[in-house]
Protein chains: 2
Amino acid sequence: MPGTIRKIAADRWDGPLVARLRRYVELGPADIDDLRLLMEDELNVKKRRDLIVEGYEYHKLCFIKEGFAARYKLLRNGKRQIVSVLLPGDVIGFPGSFVNHSVFSVVALSDMKLEVCALDDFVALCYRRAKFGLALSWLAAHEATMYAEHIIDIGRRTPVERLAHFLLEIHARLAAVGRAAEREVDLPVSQEVMSDALGMSVPHLNRMLAKLRGDGLITLDGRHVTFADMRGLRQLAHFQPPSFTRIPAPAATIGQELIA
Amino acid sequence: MPGTIRKIAADRWDGPLVARLRRYVELGPADIDDLRLLMEDELNVKKRRDLIVEGYEYHKLCFIKEGFAARYKLLRNGKRQIVSVLLPGDVIGFPGSFVNHSVFSVVALSDMKLEVCALDDFVALCYRRAKFGLALSWLAAHEATMYAEHIIDIGRRTPVERLAHFLLEIHARLAAVGRAAEREVDLPVSQEVMSDALGMSVPHLNRMLAKLRGDGLITLDGRHVTFADMRGLRQLAHFQPPSFTRIPAPAATIGQELIA
DNA sequence: CGAAATTTTGATCACGTTCAACTTCAGTGG
DNA sequence: CCACTGAAGTTGAACGTGATCAAAATTTCG
């Protein structure tokens, strides 16, 4: 692998954004420099703060460096449905920044560190370097896949299965960014959040948690989960993490990386 | 508006794909030509045929010219959850073509006409014209928004509300491609499909349909729905269609279109 | 230490599933 | 032309699951 020295230099700034995009596409030093220049701001957000409020305009992309958040909608009857739990490496502002009036709200579930850039600036970069537009599409496909799995969860899985699936998903996603060990996780969320994500009541969620424990599939210590029987849990949840293709390199312009 | 003659010529071929992408971005004659060249095939598919089967590789994008389909997953217990109903102008292969082994299946709900292109070819085009990569992102954001709304539906709306929301969504989407009148739709799907989409049993769906009829919100004649009280239905369903931003034009290269 | 948030447990009951039978309708072949 | 078939829609009765409400136990945090 040539150019090692330059590569390391550019990597000095490697936010969660770079790590995330690298799952889909090769990024050279020039790419990373471009990305860094895009960032307007490093933002610190306190727990329980609303980041995006339904009905307002919001045209930024925020990349989570640290902390957790939830994308949700509040219904007239006071019920809340959480659409997705956001972890380090995830993007806030998708898909909200693409519509005129945000349809969902996002709230910080813990203190957070974010990197912010304007959507318009990102789009401008995409025009200059098409690979970023593609990376955004891949990221969107990833997001959509998780949403779809969430639909399956809520629609046709029983409450225990749902919970099992949720635990495995969170574990897999945290492990993918190096924040979880092989067979354990610290849950980033309260039971209320889980129940709002999984479309059930808090007491029932609690009982299902107890059931998983009783069946010897997990052990619990506060919010620390240990997967006692990963196989059994996976089977119960029908869990199989999707593996994403990488974006093909441009055919005509091989070596573009080196020029940059 | 200059260049009218060329524009009309190019517009002669305007599949549902062009109409769909135009919701997000300006397309010039050169763009449309490029798109047309991409298309490998026009495909006819019979009702009940599987288009994508879970677990297999699939790396094409299909644009629906005519007909309906459903993206779904079958669970071990025999239950089926429909993730989304696909209408003319929609894309088959998203997000399935972005993962190594498709997680969902797609089945034709009616006879269909499709335009097919290879994902790799589309990606190659994106490298040449960045706007297509962005268009794909926007389309993906649109898809993700619908999925998210579907999660809300199943998770926290009551069965009647869910059904009402479903009817309104299908109506709005069909109207957007000119296949539905102001206050009526021909449902493209059976009650079994609806129940699998909404995560309830067929009998219950049927009763909720009867309830909407009884409450004077809709009238039914076979699969022809007339919205007797659109306001009331919208309120019941908390329905508000998202409106999408358009992709900003490239700042530096105004007039790029003319060169092409 | 006091106050608030979170987790746990219990009792009751409505809602929606399940299963079953029956109806209606479109297509098909005798 | 009508009987046959299979798919789709409709209705009913019984059961079980998970929501709801309430309260206690526990932890976290100001």
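Any read-out appearing in this document is the output of simple, stated calculations on the displayed coordinates, not a laboratory observation. In this text, all values refer to a predicted model and were calculated from it rather than measured experimentally. Neighbour counts run over all protein chains shown; Cβ positions are idealised from the backbone, glycine included.
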Might you report the magnitude of the Cβ-based charge dipole of the stretch B:150-228 about its Cα centre, with Lys and Arg at +1 and Asp and Glu at -1, to the nearest 20 debye?
160 debye
Sum of side-chain charges, B:Ser195 neighbourhood, beta-carbon under 12 Å (Lys, Arg +1; Asp, Glu -1)
+3
Round to the nearest 10 and give me the degree value, 0 to 90, for the angle of helix A:202-214's Cα axis relative to the longest principal axis of chain A.
90 degrees
Please turn the phi angles of the stretch A:178-185 into ³J(HN,Hα) values with the Karplus equation 6.51 cos²θ - 1.76 cosθ + 1.60 (θ = phi - 60°), one per residue in order, whole Hz, x for glycine and proline.
x, 10, 8, 7, 3, 10, 7, 9
Excluding B:Arg76 itself, what net charge comes from residues whose Cβ is under 13 Å from its Cβ, given Lys and Arg +1 and Asp and Glu -1?
+4
If contacts are Cα pairs under 8 angstrom and at least 6 residues apart, what is the relative contact order of chain A in percent?
19 percent
In degrees, nearest 10, the alpha-carbon axis of helix A:130-156 is tilted away from the dominant principal axis of the alpha carbons of chain A by 10 degrees
Counting other Cβ atoms within 10 Å of each Cβ, which trypsin sites (Lys or Arg not before Pro) in the stretch A:45-104 have at most 16 and sit in a DSSP loop?
A:Lys46, A:Lys47, A:Arg48, A:Arg49, A:Arg76, A:Lys79
How many lysine pairs are close in chain B, with Cα atoms under 24 Å apart and the two 8 or more places apart or on different chains?
19
Where the centroid of each part is defined by its Cα atoms, how far is the stretch A:185-242 from the stretch A:77-99 in Å?
21 Å
Return A:His204, B:His171, B:His165 ranked ascending by Cβ neighbour count within 10 Å, so the fewest neighbours appear first.
A:His204, B:His165, B:His171
In debye, nearest 20: dipole of chain A around its Cα centre with unit charges on the Cβ of K, R (+) and D, E (-)?
580 debye
Dipole of the stretch B:4-146, positive direction: furthest Cα of B:Ala108, B:Val91, B:Tyr24, with charges on the beta-carbon:
B:Ala108
Pairwise label distance in nanometres, B:Asp229 with B:Glu182, each label 7 Å out on the Cα-Cβ vector:
2.0 nm
How far, in degrees from 0 to 90, does helix A:29-38 lean away from the longest principal axis of the Cα atoms of chain A, to the nearest 10?
70 degrees
